[in-house]
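*Asks:* Right, I'll just put the structure down here and ask away after.
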Amino acid sequence: MDTMVGANVDQLAMSYRNFKTLLDSGHDLRGALGLLRESGSGVAKSQATHLLSFVEQGRKLSDGMRVLSYPDMDVALVSVGETTGFLPDVAGMLSTYYDERSQMLKAVKAALPQPLMLFCISVVTSPLPAYFTGKLSGWGFIATTVGPISLVIALIVAGFELYRRMLFDRKVRRYVLDRLEKVKGLRNFVRTFAMERFLTCAALALKSGCDFFEMVRMLAVVSEGTYLQPVPAIFKSVGPNEGVAKAMERSKVFSHEQVGSAKIGEASGTLASQFEAMAKAARERVHMQITLFSVWVPKILYGLMLAYVAYSIVSNAMSSPIVTGDYGVEE
């Protein structure tokens, strides 16, 4: 059963925000899901209906989310929230998480219209001289213009759909991230996102009061990328006696500043707060990466536009008749 088809980050953010509001106002789990079902529509209504049926059968909310193909991070965090009684806090964190993802997507989408419009104009105007002089047929003009425009638009749409699939499908996400991590220029970009997810989940696990091994089990779900996947096993081998900071140091994945913050947190009893600060810093790095990406997307489209115009000019020049010295025309 998959009720997540058609879902997006905006819908998830709103659902978690409404869920937290209802729980904070004193509604129990069944009452909150019932109100979400009555007030929702489309995908949100379908999700609330199915989740309510799971809860009424005496099953856990996280089990229902797993069956309904919710993102694995959401399932892991909600499971911790159910166990520790911090479910409203979990819902709030997930709402914030998806709100931030929504803002990132909107920033990228906002950067696309102008370069895309200029690209379309250049593609349409470049073959016009050849068309008006009869060197290019009507069908040739259509193929020359519609083809490149359709290809670029299809690639943009496919990119956003791939991002949505990565959000909801762990196998797709891990496959794509593993491939992207092998590209030197994208390695830091991918690792920044993976680290932000890891630190955010670790902060919530510590805040909710779950024990060391329960936190490790949750982190095993959200650890992605070839460099983060071994970390939960290292944490488990170190164990709670040596502490989180020692496990972080032994993994050789975290920076000296992050390890130092963990040591200070363990010594002062503020480990959850230290991880929240690390997660916040990681989110700021993610925002910076997204900002850079939104700046480069128009430049890429401008580059494609210039390349296409140059190609059209060269092609028209090569296909034009050559005037010889005796004023004859050589094809």
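*Asks:* Looking at ALA110, is it small (Gly, Ala, Ser) and surrounded by 15 or more Cβ atoms within 10 Å (Cβ to Cβ)?
*Replies:* no
*Asks:* If we keep just the residues of region 43-59 that are open to solvent by 60 Å² or more (accessible area, probe 1.4 Å) and part of a helix (DSSP H, G or I), which is modelled with the lowest pLDDT?
*Replies:* That would be LYS45.
*Asks:* Which one of these is open to solvent by less than 40 Å² (accessible area, probe 1.4 Å), touching a helix residue (DSSP H, G or I) at 6+ places or on another chain (Cβ under 9 Å), modelled with pLDDT of 90 or more and of a type in the set (Phe, Trp, Tyr): PHE254, PHE235?
*Replies:* So the residue among PHE254, PHE235 that is open to solvent by less than 40 Å² (accessible area, probe 1.4 Å), touching a helix residue (DSSP H, G or I) at 6+ places or on another chain (Cβ under 9 Å), modelled with pLDDT of 90 or more and of a type in the set (Phe, Trp, Tyr) is PHE254.
*Asks:* Run down VAL157, VAL190, VAL222, VAL172 and say which single residue is surrounded by 19 or more Cβ atoms within 10 Å (Cβ to Cβ) and without any contact (Cβ under 8 Å) to a residue 60 or more places away in the chain.
*Replies:* VAL190
*Asks:* Which residue pairs have Cβ atoms closer than 9 Å, lie 6 or more positions apart in sequence or on different chains, and pair a first residue in region 23-34 that is open to solvent by 80 Å² or more (accessible area, probe 1.4 Å) with a second residue that is of a type in the set (D, E, K, R)?
*Replies:* ARG30/GLU56
*Asks:* Out of the residues in region 257-294 that are closer than 22 Å to THR96 by Cα and among the basic types (Lys, Arg), which is least open to solvent (accessible area, probe 1.4 Å)?
*Replies:* Looking at the filtered set, the residue picked out is ARG283.
*Asks:* Does MET195 satisfy the condition of being surrounded by 20 or more Cβ atoms within 10 Å (Cβ to Cβ) and over 18 Å from the mean Cα position of the chain (by Cα)?
*Replies:* Criteria not met by MET195.
*Asks:* Out of region 90-107, which residues are out of contact with any Asp or Glu (no Cβ under 7 Å at 6 or more places or on another chain), of a type outside the set (Phe, Trp, Tyr) and open to solvent by less than 60 Å² (accessible area, probe 1.4 Å)?
*Replies:* Listed by number, the residues that qualify are VAL90, ALA91, GLY92, MET93, SER95, ASP99, GLU100, ARG101, MET104, LEU105, ALA107.
*Asks:* Quick test for you: out of SER15, SER39, SER69, pick the one residue that is open to solvent by 10 Å² or more (accessible area, probe 1.4 Å), of a type in the set (Ser, Thr, Tyr), on the phi > 0 side of the Ramachandran plot and in contact with a helix residue (DSSP H, G or I) (Cβ under 8 Å, 6 or more places away or on another chain). Break it down into steps so the answer makes sense when it comes.
*Replies:* Working: SER15 fails: on the phi > 0 side of the Ramachandran plot; SER39 fails: on the phi > 0 side of the Ramachandran plot.
None of the others qualify; the one that does is SER69.
*Asks:* Within region 273-318, which residues are of a type in the set (S, T, N, Q) and free of Cβ contacts under 8 Å to residues at least 24 places away in the same chain?
*Replies:* Answer for region 273-318, where residues must be of a type in the set (S, T, N, Q) and free of Cβ contacts under 8 Å to residues at least 24 places away in the same chain: SER273, GLN274, SER315.
The values are calculated or read from the model by the stated rules, or taken from the named source; none is laboratory data. Keep in mind that what you see is a predicted model, and the values were worked out from it rather than measured. No Cβ is skipped: glycine too gets one built from the backbone with ideal geometry, and neighbour counts run over all protein chains shown. SASA here: full protein model, heavy atoms, side chains in, ligands and nucleic acids out. Shrake-Rupley method; radii C 1.70, N 1.55, O 1.52, S 1.80 Å.
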